[in-house]
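Here's the structure we're looking at; comments come further down.
The values are calculated or read from the model by the stated rules, or taken from the named source; none is laboratory data. Because the structure is a prediction, the values reported are computed rather than measured. All Cβ positions, even for glycine, are placed from backbone atoms using ideal geometry, and neighbour counts span all protein chains on display.
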Amino acid sequence: MCIFCEIVAGNIPSTKVYEDDMILAFKDINPVAPIHIIVVPKEHIDSANSVNTGNSKYVARIFEKIPEIAKSQGIDSYRVINNCGENAGQTVMHLHFHIVGGVKLGEKII
Ligand code: AMP
Ligand code: ZN
């Protein structure tokens, strides 16, 4: 099992901030901003490259809930980041979206 599947299964502890039948959101262990949440589908999907018509409902659910998750953390302005593949800095090969905020972010990500 990958590390995020282990977190979903409860085998590795995390600080959960949102959970439903399809997705889990938890605090990033190495935050880059005051608010840094990771949102994952409960089904293992390798990366954005592996999203298809059969599993895109997980991505839809994640984006339906991002505003609620952000609001629960006290922010309504934030950056959503997905790193896809090694050259983009993806270190955990389980699709995830970073919600980063709580501070004035730079205008550009690169
Ligand atoms: P990425 O570089 O896009 O693959 O992001 C992976 C993120 O997962 C990094 O920001 C890590 O800090 C975070 N991370 C790795 N292991 C854990 C963990 N056990 N609990 C919470 N966040 C984690
Ligand atoms: Zn996984």
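The table below lists the values:
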item	result
Within the stretch 49-80, tally of residues that are at negative phi and surrounded by fewer than 16 Cβ atoms within 10 Å (Cβ to Cβ)	19
First in the stretch 73-97 and in contact (Cβ under 8 Å) with a residue 24 or more places away in the chain, second anywhere and in a loop (DSSP other than H, G, I, E, B) and among the acidic types (Asp, Glu), Cβ under 9 Å, 6 or more apart	Met93/Asp46; His94/Asp46; Leu95/Asp46
Count of the stretch 4-19 residues which are under 13 Å from Ser72 (Cβ atoms) and charged (D, E, K, R)	2
The stretch 19-42 residues that are of a type in the set (Asp, Glu), paired with ones that are in a strand (DSSP E or B) (beta carbon under 8 Å, 6 or more apart)	Glu19/Ala25; Asp28/His36; Asp28/Ile37; Asp28/Ile38; Asp28/His98
Considering residues of the stretch 1-48 that are surrounded by 16 or more Cβ atoms within 10 Å (Cβ to Cβ) and of a type in the set (D, E, K, R) only, the residue farthest from ligand 2 (Cβ to nearest atom)	Asp28
Strands (runs of 3 or more DSSP E) contained in the chain and holding at least 2 residues near ligand 1 (Cβ under 8 Å from one of its atoms)	23-27, 35-41
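Each row is one residue, and each column tells you yes or no for (1) aromatic (Phe, Trp, Tyr); (2) over 27 Å from Gly106 (Cα atoms); (3) under 12 Å from the mean Cα position of the chain (by Cα); (4) at pLDDT below 95.
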{"position": "His44", "(1), (2), (3), (4)": "no, yes, no, no"}
{"position": "Thr53", "(1), (2), (3), (4)": "no, yes, no, no"}
{"position": "Ile62", "(1), (2), (3), (4)": "no, no, yes, no"}
{"position": "Ala70", "(1), (2), (3), (4)": "no, no, yes, no"}
{"position": "Ile75", "(1), (2), (3), (4)": "no, no, no, no"}
